[in-house]
Amino acid sequence: MDAPIRVLGDSQLIIQMLLGVYKKVRKPSLYINVEGIKGLLRSRRWKVAFHVVRRQMNAEAVDMCRRLV
């Protein structure tokens, strides 16, 4: 696979944690998720490009998440 997988997210904080911009994750539940994702990406050696999408541009995904909770 030559092209990176595009990961779109509406949380700039999470994207920056995944990119390693923020080294500390203070909330334990976020730490587990962020470290799990980073570990998966390392183990698969996938090329990934993270992009922040403003929530206003991501209304459909926000609506789907609210229905799950």
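Considered as a group, the residues in the stretch 32-48 that are aliphatic (A, V, I, L, M) and open to solvent by less than 90 Å² (accessible area, probe 1.4 Å) include one that is nearest to Ala3 (Cα to Cα), and that residue is Val48.
The set of residues in the stretch 54-69 that are exposed (fewer than 10 other Cβ atoms within 10 Å of the Cβ) and touching a residue at least 40 places away in the same chain (Cβ under 8 Å) contains only Arg54.
In the set (1) within 14 Å of the chain's Cα centre (by Cα); (2) in a loop (DSSP other than H, G, I, E, B), the condition left unmet by Lys24 is number (1). Scanning the stretch 7-17 turns up no residue that is part of a loop (DSSP other than H, G, I, E, B), surrounded by 12 or more Cβ atoms within 10 Å (Cβ to Cβ), modelled with pLDDT under 85 and in contact with an Asp or Glu (Cβ under 9 Å, 6 or more places away or on another chain).
The values are calculated or read from the model by the stated rules, or taken from the named source; none is laboratory data. All values derive from a computational prediction rather than experimental measurement. Methodologically, a virtual Cβ is constructed for each residue, glycine included, from the backbone with ideal geometry; neighbour enumeration extends over all protein chains shown. Heads up: the accessible areas ignore ligands, DNA and RNA and are worked out on the full protein's heavy atoms, side chains in. Shrake-Rupley method; radii C 1.70, N 1.55, O 1.52, S 1.80 Å.
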